[in-house]
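A short worksheet on the structure shown next.
Every read-out reported here was derived from the displayed coordinates using simple, explicitly stated rules and does not represent laboratory data. The model shown is predicted, which means the values in this text are computed figures rather than measured ones. Glycine also receives a Cβ, built like all others from the backbone with ideal geometry; neighbour counts cover every protein chain displayed.
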Amino acid sequence: QIRDLSETLHVEPYLVGGFVRDLLLKRPNKDLDLVIEGDGIEFARKLHQVLGGKLDVHPNFGTATLDLNGFHLDVATARVEYYEYPAALPQVKPGRLKQDLYRRDFTINTLVISLSKEKFGWLIDFFGGNEDLKKGIIRGLHSFTFIDDPTRILRGIKFAVRFGFTIEEETDLLIRQAVEHGVIKELKGPRFWEELKSLLMEGKELKTLQYLDDYGILREIAPDFKLTDQQWKNLKRIDWVIQLFKDQCIVQRWLLVLMVIFANLSKETIERIANDWNLSLKDRAQLNFIHEEVYRVKEKLSEGKLRPSQIYNLLESLGSEELMYLVLISDSQLILDQVLEFYNRLRRIDVEVSGKDIINLGFSPGPLFKEVISKVKEAKLNGKVKSRE
Ligand code: ATP
């Protein structure tokens, strides 16, 4: 349909970027980037008429997005710069497309597939991206790429860990120079955080953190940001701890990683980082999770001999990742048993008594109700309630 429409509208459509990369790697990708030599917005509107879906148009940028059951299509306009003669059809000017692609991050993201009728399916490769893809190489496009946009450093690491690729020697050097130059320290605003999150979400934290450590990115974020042997050990046990809780919950693995790596930073440092990155309240909370609370709970649990209701009260306010973090840092069978007892059994125990039951016994609603219910719950947790009656 894109091909047919491009013929009708006399424009040249190109598929570019991550989708092409993933197509060649035979990896699924549902985000299509289309660059139209011609009027991208008109193209998107017509495509919308043919395919349906949800269209959003951004006239100021010459772009539009089309959501089609599960696929997301970004349509951009590459301005056509010359006509062969007045009123002629616009000619494809690869120079324009090439310029557009030169602004991208890595060669593997600059591949293009033509979708026009005459050249349908042709692979256009201005920067040797196909060769790098075959060799498994992450290569930046020019020497200032990481100075221009330091978040590309994290993107490079992301693609390297995701595909098991190597960061090419020159690119590796440029990253080190940029970091030394202080680009990470100078970064303000949330983009670095967004890329960091996206990097940690790849789920390959050991490799990722080796890169971050090796490039000196952690200590640029904060001078005392250095992972200890214990933190590396905790990171290596993440698979084990997730496995323990596997059947019970969906864990945000990246959040657990974040807890481990930020654990030794002071509150002030975390506050400063959160301010530098201009984090939202939700993001702040994720970065600044309740370490003290987890350590307090750890102390209590390690005393042992707690009644089930006491275990319940200690653990109920912690989220899944925090419970896992507690197990990670504890390295103790006693604590593990109590956390699993809570997770597998105690938290599922229902009080089964409501205010209605108390009213039925002849009492009027009041502050006592809460106390009654909490006492019933405590008794139930401690196995002292044998039947509903
Ligand atoms: P993912 O697979 O993680 O979604 P992606 O590269 O496929 O990554 P986006 O992150 O949405 O998808 O980026 C889309 C395209 O935009 C990329 O192919 C890349 O060429 C370009 N791009 C994204 N961020 C940058 C950046 N910081 N600098 C230059 N180009 C970028």
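Counting only Cβ charges, +1 for Lys and Arg and -1 for Asp and Glu, the dipole size of the chain around its Cα centre is about 1280 debye. What is the distance in Å between the Cα centres of segment 144-192 and segment 269-306? Using only Cα atoms, the two centres lie 28 Å from each other. Taking one quarter of the surface of the C-alpha convex hull of segment 1-69 gives a mean projected area of 4.7 nm².
Annotation: peptides 364-372, 177-185, 338-346, ranked by per-residue average of other Cβ atoms within 10 Å with the highest first, follow the order 338-346, 177-185, 364-372. Hydrodynamic analysis of segment 123-172 uses the Kirkwood radius over alpha carbon pairs. Inserted into Stokes-Einstein at 25 °C and 0.890 mPa s, it gives a translational diffusion coefficient of 217 µm²/s.
Over the C-alpha trace of segment 241-288, radius of gyration and Dmax come out as 13.0, 38 angstrom. The ratio of the alpha-carbon radius of gyration of segment 277-389 to the globular-protein estimate 2.2 N^0.38 Å is 1.33. Remark: the H142-E293 segment gains 49.6 nm on full extension, using 0.36 nm per residue and subtracting the alpha carbon distance. Using unit Cβ charges (K, R positive; D, E negative) and no other charged atoms, how large, in debye to the nearest 20, is the dipole of segment 347-389 about its Cα centre? Dipole of segment 347-389, to the nearest 20 debye: 200 debye. Straight-line cross-link partners of K134 among the aspartates and glutamates, defined as a Cα under 15 Å from its Cα and at least 8 positions apart when in the same chain: D22, D125, E168.
Based on the alpha-carbon gyration tensor of segment 171-324 and its eigenvalue square roots a ≥ b ≥ c, which shape applies: rounded if a/c is under 1.5, prolate if not and a/b is larger than b/c, or oblate? Prolate. The calculated 222 nm mean residue ellipticity attributable to helices in the chain amounts to -15000 deg cm²/dmol, summing -39500 (n - 2.57) over DSSP H runs of n ≥ 4 and dividing by all residues.
Our estimate of slack between F61 and R348, defined as 0.36 nm per intervening residue step minus the Cα-Cα distance, is 98.1 nm. From most to least packed by mean Cβ count within 10 Å, the peptides 300-310, 188-198 give 188-198, 300-310. Peptides 347-358, 100-111 ranked from most to least packed by the mean count of surrounding Cβ atoms within 10 Å: 100-111, 347-358. Three principal axis extents describe the C-alpha atoms of the chain; from largest down they are 92, 53, 35 Å.
With a threshold of 24 Å on the Cα-Cα distance, the over-threshold entries among K305/K377; K26/K54; K356/K380; K98/K119; K188/K267; K158/K233 are K26/K54.
About the Cα centre of segment 127-238, what is the dipole size in debye to 20, counting +1 per Lys and Arg Cβ and -1 per Asp and Glu Cβ, all else neutral?
500
Across segment 141-211, the volume of the C-alpha convex hull divided among the residues equals 83 Å³ per residue.
Straight-line cross-link partners of K384 among the aspartates and glutamates, defined as a Cα under 18 Å from its Cα and at least 8 positions apart when in the same chain: E341, D350, E352, E371.
The residue among Y295, L15, Y102 whose Cα reaches farthest toward the positive pole of the charge dipole of the chain, with charges on the beta-carbon of Lys, Arg, Asp and Glu, is Y295. Only one residue of Q243, Q286, F262 has its Cα farthest out toward the positive end of the dipole of segment 236-288, where Lys and Arg carry +1 and Asp and Glu -1 on Cβ, and that residue is Q243.
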